[in-house]
1. Go through region 408-460 and count every residue that is farther than 18 Å from ILE368 by Cβ and part of a loop (DSSP other than H, G, I, E, B).
2. Can ILE191 be described as open to solvent by 10 Å² or more (accessible area, probe 1.4 Å), in contact (Cβ under 8 Å) with a residue 12 or more places away in the chain, in contact with a Cys (Cβ under 9 Å, 6 or more places away or on another chain) and closer than 19 Å to LEU210 by Cα?
3. Would region 700-709 turn up any residue that is touching a residue at least 60 places away in the same chain (Cβ under 8 Å) and surrounded by 18 or more Cβ atoms within 10 Å (Cβ to Cβ)?
4. Residue under question is PHE652, and the condition is that it be of a type in the set (Phe, Trp, Tyr), in contact (Cβ under 8 Å) with a residue 24 or more places away in the chain and closer than 30 Å to THR791 by Cα; does it hold?
5. Which one of these is out of contact with any Asp or Glu (no Cβ under 6 Å at 6 or more places or on another chain), more than 22 Å from PRO108 (Cβ to Cβ) and either open to solvent by less than 30 Å² (accessible area, probe 1.4 Å) or modelled with pLDDT of 90 or more (or both): LYS269, LYS325?
6. In region 224-253, which residues are among the polar types (S, T, N, Q) and open to solvent by less than 60 Å² (accessible area, probe 1.4 Å)?
7. Can we say GLY736 is under 26 Å from the mean Cα position of the chain (by Cα), part of a helix (DSSP H, G or I) and surrounded by 20 or more Cβ atoms within 10 Å (Cβ to Cβ)?
Amino acid sequence: MEYLLDDIARIVKGNFLKRSNPVVQTLLTDSRSFVDSETSLFFALKGHRQDGHSFLEDLYRRGVRNFVISQPVSNFEALSEANFIQVNDTLKALQMLAAWHRKQFSVPVIAITGSNGKTVVKEWLYQLMEKDRHIVRSPKSYNSQLGVPLSVWNMNDTHDLAIFEAGISKVREMEHLKDIIQPTIGVFTNIGDAHQSNFIDYKHKISEKLKLFADCEVLIYSKDHSLIDSQISSSPIFEDTHLFTWSKKFPADLFITEINKQDSVTHIKAKYKQQTIHISIPFSDDASIENAIHCWAVMLIIYQQEDFQERFMQLSQVAMRLELKEGLNGCTIINDAYNSDTGSLSIALDFLNQQHQHTQKTLIISDILQSGKDEAGLYKTVADLIHSKKINRIIAIGDSISRNGYFFKDPISFYHSTDDFLSKWNKNDFKNEAILLKGSRAFEFEKISVALQHKLHTTVLEINLNAIIHNLNHFRALLKPATKIMAMVKAFSYGSGTYEIANVLQYHKVDYLGVAFVDEGVSLRQAGITIPIMVMNPDAQAFETMIEYHLEPEIYSLAILEDFYQSVLRFSMENYPIHLKLESGMNRLGFNEDDLPALTAKLSGMKSITVRSVFSHLAASDEERLDDFTNLQFERFDAMCNSLSSSIIRPFMRHILNSSGIERFPEHQHEMVRLGIGLYGISNDQTAGLMNVSRLKTRISQLKKVPKNETVGYGRKGVLTHDSLIGIIPVGYSDGLDRRLSNGLGRVMVNGMLVPIVGNVCMDMCMVDLSDCPAQEGDEVIIFGEEYPITEMANILETIPYEIMTSISKRVKRVYLME
């Protein structure tokens, strides 16, 4: 939706200092990120540490022409093409604009608040309804005074439902969010410790949160939270509101009669309108059960029906923002030093316990600030939680937690401060363990993170695990419920890592993993990966190792079939699974059609092995011009499978579709598909909605002013045609930056601008021309990522993204992010 700038000035009641009257589509609050400068409006927000007004000149140089300000501009004449709307408070102006925008729509709007579960409930509602609703929702956990208006601004005429989170940290904040969201349906998840120090007590905090729902048509909550129930029941502002309640203890609209946990699945029964209804969810923790019931209640309100069984069983995990990276001495570091309360601690400890590559689990924890609880009660709760999660070792930092150390069991050690810990620690104290850093921001646990990490190379490959999950779910949505997925993690998971990716995929219940070589599969088994793994290039010399680690081979010739069968006999194994590779047109590995009689004859005498699957490889599923050949491959594969099925007694799975095949040829799903590059965000379908997974970044090491006619780099190839500002960045061809990107062919992104590489790419560094780019030493440099897609670099190099991704050196530190 578009607004003219003078209309916005009227909406926010500002003084319009006008040079033109452009259309505005995008709202900016962060000077580091924008897409279209011509249609952007920057709000110069004032914070505790930074003032948006100080970035006006920089944004103007980068093409932004429209600004909302709260103080006079000293160099107004120099910004000769800029338009300014001057207001008293830029944040309030942003909120006023979002509230006006919200009023232009009459669709149902769901607002969610509470101490925990807001983001999960929002994301699960989206998952439950996305198939038949066009939903706008808060990105990530945008639930603040700033995040909510930015979320609401995303509403447009195509949406028929909105879902927004709302969070507060002090009094009188919720009134602003209520005016912006204007919800029709409210969900109050629960009440907890977060930001409690800013409220008198829980009742006070509940009363502040309830202001969000003052004009709601429906309010959903659990009567089992007695304080919430009593506040709502006694409040006159809800006399005309439909209160939809659920409970496990008391009479309610949705009365939970049974919760049955079976491994990782929970079956929930309830009474609703005198009928017994039920759902099942693929989770068994208490938080997920509560979140699912909240969602169930919303679904009953919106759909006016009871059967959502299939939808709930397809729910997938919603991850928090965690940072996982390789530590020293074989350790894995999980950095969650972003917030600290008992709710997020529980979630972080669960993530710690998912790191199956280590048996030893260590927690480094700081004082929990602003909980609002008395110290003894708080740390007894914390101690009980930690002990319930079976953590092997605790390192406690802070005076408060140290004073209450008697609640914790050994082994535990205490330190007054982060600096105290760092002055006494010994790197040999940490070996082959998973270490969770859970600290309040004030404790600066990033110092500990730096000390414990293995690689200090400035160049980093960030891998967004949430994007992996999103992309997995995208492809799952294209498949029939019974179709299995083999996720390809060969070649270091396309450069993204080994067990880190496999752990996520295993947690999200892929059916198989595919690797190229035996040693890749062995590494995954040693890291605690237990799901089936197929090895696509097995070596006869490693067959006994394969069997020892329960790896399943691709069999592509009679000779390798015989060799593997003999290895199975030596181990006295029965029904060992194998996977037959058929040649349908790639002309690489695989049995030809005329090999099948000999193959079936041989298999008939091999009682110790069983054919688990039969598959083939598409040569050009991503190229429409070659669809005739792709269809020929399908015909050949189907014919060969039919021939085998008439001779092989036991049924077997078939799979031929790769990532692009899943998107373009859904009729050939068979029993399984192989998901590879699509999992990592690469697709020829630009409308697929895949998320970028990898971001290669570094920082400027040094800036140099170099005069015209001088040269830069080896061979004096970089001849300067003007006086230049040259930036040296620590990434070279030994890190995976292709040397063909030398001499202006390649570009990197600095502060939102693409700048050329100057001279030859060196082994460990390269040089870029920053003459037209505002930059300082230490500024971030994006080699590729969401801002500058890897596909663009691949196009320049006339190659494919696979090659670039798998070329990133292992000396480049991998950092894994979870939202």
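1. 14
2. no
3. Yes, region 700-709 contains at least one residue that is touching a residue at least 60 places away in the same chain (Cβ under 8 Å) and surrounded by 18 or more Cβ atoms within 10 Å (Cβ to Cβ).
4. no
5. Going through LYS269, LYS325 in turn, the sole match is LYS325.
6. Scanning region 224-253 gives SER230, GLN231, SER235, THR241, THR245, SER247.
7. For GLY736, the condition - under 26 Å from the mean Cα position of the chain (by Cα), part of a helix (DSSP H, G or I) and surrounded by 20 or more Cβ atoms within 10 Å (Cβ to Cβ) - is not met.
Table: residues versus (1) among the aromatic types (Phe, Trp, Tyr); (2) touching a helix residue (DSSP H, G or I) at 6+ places or on another chain (Cβ under 8 Å); (3) closer than 18 Å to ASP511 by Cβ.
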{"position": "HIS579", "(1), (2), (3)": "no, no, yes"}
{"position": "GLU593", "(1), (2), (3)": "no, yes, no"}
{"position": "ALA598", "(1), (2), (3)": "no, yes, no"}
{"position": "ASP622", "(1), (2), (3)": "no, yes, no"}
{"position": "PHE629", "(1), (2), (3)": "yes, no, no"}
{"position": "GLU635", "(1), (2), (3)": "no, no, no"}
{"position": "ILE648", "(1), (2), (3)": "no, yes, no"}
{"position": "SER659", "(1), (2), (3)": "no, yes, yes"}
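The values are calculated or read from the model by the stated rules, or taken from the named source; none is laboratory data. All figures in this text were calculated on a predicted structure; none of them were measured in a lab. Here Cβ is always computed from backbone atoms with ideal geometry, including for glycine, and neighbour counts include all displayed protein chains. Surface accessibility is based on the protein's heavy atoms, side chains included, excluding ligands, DNA and RNA. Shrake-Rupley method; radii C 1.70, N 1.55, O 1.52, S 1.80 Å.
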